[in-house]
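In what follows, a structure is listed as structure tokens, so that the remarks can point back to it.
The values are calculated or read from the model by the stated rules, or taken from the named source; none is laboratory data. No experiment lies behind these values; they were computed from the predicted model shown. Using ideal geometry, Cβ is built from the backbone for each residue, glycine included, and neighbour counts are taken over all protein chains shown.
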Amino acid sequence: MSRTTLLIVGGGRGGVAAAIAAASLGIDVILTEETIWLGGQLTSQGVPPDEHPWIESTGCTPRYREFRERVRARYRAMPDLKAKHRRDPELNPGGGWVSRLCFEPPVGAAVLNEMLPPSVEVRYRRKPVGAEVSGDRVTAVVLWNLETGEDERIEADWVIDATELGDLLPLTGTEYVIGAESRSETNEPHAPDNPEPDNVQGLTWCFRAAVPPSPHAGGVAPGSYQLWRNYVPQFTFGNPWPGPLLGFEVLHAHTGEPRTLPLMRDDGDFYALFPYRQQVDPTKWSVPRAASTLVNWPQNDYFTESIIDVDPVGSRSPFPGASGPISEARLKESVDLSLCLMHWLRTEAPRHDGGVGYLELDFDAEAFPEVEGVPSGFALYPYIRESRRIRSLTTVREQDVSADAHPGLDRAPSFADSIGIGAYRLDLHPSTNGANTIDTSSLPFEIPLGLIIPRRMRNLLAAAKNVGTTHLTTGCYRLHPIEWNLGEAAGLLVAYSHERKAEPHAVHASPDEFLRLVEDQGIRRQWPRDLKLRAL
């Protein structure tokens, strides 16, 4: 048995940011993580940061900016990086066009380890399987040590759920929502008529694909190849998918119209799949390096089944991200889909330069450490887009942030209790009940304090995709700098509340002093008034 002031379960972006912030104010912290890396989407899931047009100057916390600049500093210290790129103040090592900072996952993991204060105790390979609750307070969490097979009980004054799926919510009996709320509940224009708990965005088991120096044979087709090769997504609304999922014909996310998005283009047009999330650009190096990209594409979105609440509460599986046998089986299907995508690319994909099959393509075995049950080159953990979400003091709805709801404005209306800012479109991928993509314009927005505080629980906070968004607004609040901001604010709130022996609910009711602490940390609560913004 262990005891700490603050227990943070989940070492993704929000969990790490919460630990750094709380420890900086003298709070004892134990941080647990299911994988062997901190960082979540930034590292163990491999997904380069999706950011906004103003990210190089504003729109994130100082600590998140420090992370970005430390990543660049690590690359600049590498002797084989060409001088002109070393001098670039906005160095993008991988050159991917989804982000201004595409980097290799091990680099991000190393930087986060540097940033974490020594006083934070990190326990890797821990998965929450139980909790003890007294009234409206969590008194202890039980974690399964995946290395020893034993359970560990940790008592804490404060608990932050920073897991990818909101794992502590069912374990603690905290009220939460999954899927889509009804229009009668939220008044959101794009909400369905009735609640749809099975309407959960698809996940992706990402992998790194590289063009190594020597070609290889196409390999044996996975056993389910014909199933996925012939699979055509069926949607309940919107335009039909233009062909098989394993194909270069996709639906444009913004317009819903068919478009061709090939693997490569001879003309160098960056609207191709390989440069989309490219993490190694060989032209930036003075020694030969294989071009390498993170495969998180429409073609390996797994949206046929949900993994949330399909297994009994407290059930166990050692498979990454799985809570029990049903979710484990579905996650293995997502891995299988990615394997089938690679086989299709190698053997059947129409080439940009004529012919079929990119035999020069291979899994990048150096990208990630080996994970039991997961093929080489695959991320350590599935990329989760949508989580369980707390019933919170404040719920951010579509009309709070959408451009259509506020014609003529260049930013969304303010929240009086704002703890940060963010910007991203309302971007929802196809869902597990057949709902099609929803991708609509939003305005640069603010993050309210009430988003991270459950309505009832007194010492539990949310600091990941489990905050009080709706199914629709999780599509714009799930991005890297925003989750970091959520976690940092949660860590500060614990420190503030603990020092004053106050509950977060009381702080929320009278937030001015806490908001001054947020500002003292350098966190912007509003977008700069003199900055020209626009709808995204």
Checklist line | Selection within segment 392-441 - buried (at least 23 other Cβ atoms within 10 Å of the Cβ), of a type in the set (Gly, Ala, Ser) and in a loop (DSSP other than H, G, I, E, B) | finding: Ala412, Ala423, Ala435
Next item on the list: Search segment 436-484 for residues being within 16 Å of the chain's Cα centre (by Cα) and basic (Lys, Arg), and hand back the single one that is farthest from Ser402 (Cα to Cα).
Entry: Lys465
Note to self: Go through (1) outside any loop (DSSP other than H, G, I, E, B); (2) at pLDDT below 95 for Ala365 and report which single condition fails.
What the structure shows: (1)
Next item on the list: Would you check which residues across segment 175-190 are in contact (Cβ under 8 Å) with a residue 60 or more places away in the chain, surrounded by 15 or more Cβ atoms within 10 Å (Cβ to Cβ) and farther than 30 Å from Pro128 by Cβ and list them?
Entry: Glu188, His190
Check: Of all residues in segment 32-59, which are among the acidic types (Asp, Glu) and crowded, with 24+ Cβ neighbours inside 10 Å?
Finding: Glu33, Glu34
Check: If you check Thr58, Thr35, which single one turns out to be more than 30 Å from Gly377 (Cβ to Cβ), at pLDDT 95 or above and part of a loop (DSSP other than H, G, I, E, B)?
Finding: Thr58
Check: Does any residue in segment 4-22 that is modelled with pLDDT under 95 and hydroxyl-bearing (Ser, Thr, Tyr) come within less than 8 Å, Cβ to Cβ, of a residue that is assigned to a helix (DSSP H, G or I) and surrounded by fewer than 24 Cβ atoms within 10 Å (Cβ to Cβ) six or more places away or on a different chain, and which pairs are these?
Finding: none
Note to self: With within 23 Å of Ile523 (Cα to Cα) and touching a residue at least 40 places away in the same chain (Cβ under 8 Å) as the only criterion, which of Ile438, Ile390, Ile419 stands out?
What the structure shows: Ile419
Check: Any idea which residue in segment 372-387 is surrounded by the fewest Cβ atoms within 10 Å (Cβ to Cβ), counting only those that are of a type in the set (D, E, K, R) and touching a residue at least 60 places away in the same chain (Cβ under 8 Å)?
Finding: Arg385
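Just checking, does segment 517-529 include any residue being within 23 Å of Leu31 (Cβ to Cβ), in contact (Cβ under 8 Å) with a residue 60 or more places away in the chain and surrounded by 22 or more Cβ atoms within 10 Å (Cβ to Cβ)?
yes
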Check: Under 7 Å by Cβ, and 6 or more places apart or on different chains, what pairs join a residue from segment 291-314 that is farther than 30 Å from Leu171 by Cα with one that is of a type in the set (Val, Ile, Thr)?
Finding: Ala291/Val211; Ala291/Val280; Ser292/Val280; Leu294/Val47; Asn296/Val47; Asn296/Thr204; Pro298/Val250; Asn300/Thr204
Note to self: Looking only at residues that are of a type in the set (Lys, Arg) and out of contact with any Phe, Trp or Tyr (no Cβ under 8 Å at 6 or more places or on another chain) in segment 60-72, which one is surrounded by the most Cβ atoms within 10 Å (Cβ to Cβ)?
What the structure shows: Arg68
Note to self: Return the residues of segment 515-536 that are under 24 Å from Val401 (Cβ atoms) and either of a type in the set (A, V, I, L, M) or assigned to a helix (DSSP H, G or I) (or both); say none if nothing qualifies.
What the structure shows: Leu515, Val518, Glu519, Ile523, Leu531, Leu533, Ala535, Leu536
Note to self: Any residue at all in segment 464-483 that's farther than 30 Å from Pro430 by Cβ, in the same structural domain as His52 (by TED's automatic domain parsing) and either among the charged types (D, E, K, R) or surrounded by 24 or more Cβ atoms within 10 Å (Cβ to Cβ) (or both)?
What the structure shows: no
Notebook entry, point to check: In segment 191-199, is there at least one residue being crowded, with 19+ Cβ neighbours inside 10 Å, in contact (Cβ under 8 Å) with a residue 60 or more places away in the chain and part of a helix (DSSP H, G or I)?
Noted result: no
Next item on the list: Just give me the residues in segment 494-514 being buried (at least 18 other Cβ atoms within 10 Å of the Cβ) and in a helix (DSSP H, G or I), in sequence order.
Entry: Val494, Ala495, Tyr496, Ser497, His498, Pro504, Val507, His508, Phe514
Item checked: Among (1) touching a Leu at 6+ places or on another chain (Cβ under 7 Å); (2) aromatic (Phe, Trp, Tyr); (3) more than 24 Å from Gly377 (Cβ to Cβ), the one test that Trp228 misses -> (3)
Checklist line | Top-ranked residue of segment 233-266 - restricted to ones that are in contact with a His (Cβ under 9 Å, 6 or more places away or on another chain) and charged (D, E, K, R), ranked as surrounded by the fewest Cβ atoms within 10 Å (Cβ to Cβ) | finding: Asp266
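Could you pull out every one of the helices (runs of 4 or more DSSP H) wholly within segment 73-174 that has 2 or more residues that are surrounded by 17 or more Cβ atoms within 10 Å (Cβ to Cβ) and of a type in the set (A, V, I, L, M)?
105-115, 168-172
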Check: Which members of segment 340-359 meet the condition of being assigned to a loop (DSSP other than H, G, I, E, B) and either basic (Lys, Arg) or outside the structural domain of Pro213 (by TED's automatic domain parsing) (or both)?
Finding: Arg351
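Considering only segment 218-232, state which residues are of a type outside the set (Gly, Ala, Ser) and either surrounded by 14 or more Cβ atoms within 10 Å (Cβ to Cβ) or within 25 Å of Ser441 (Cα to Cα) (or both).
The answer is Pro222, Tyr225, Trp228, Arg229, Tyr231.
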Item checked: Residue tally, condition in contact with a strand residue (DSSP E or B) (Cβ under 8 Å, 6 or more places away or on another chain), surrounded by fewer than 18 Cβ atoms within 10 Å (Cβ to Cβ) and of a type outside the set (D, E, K, R), over segment 319-365 -> 3
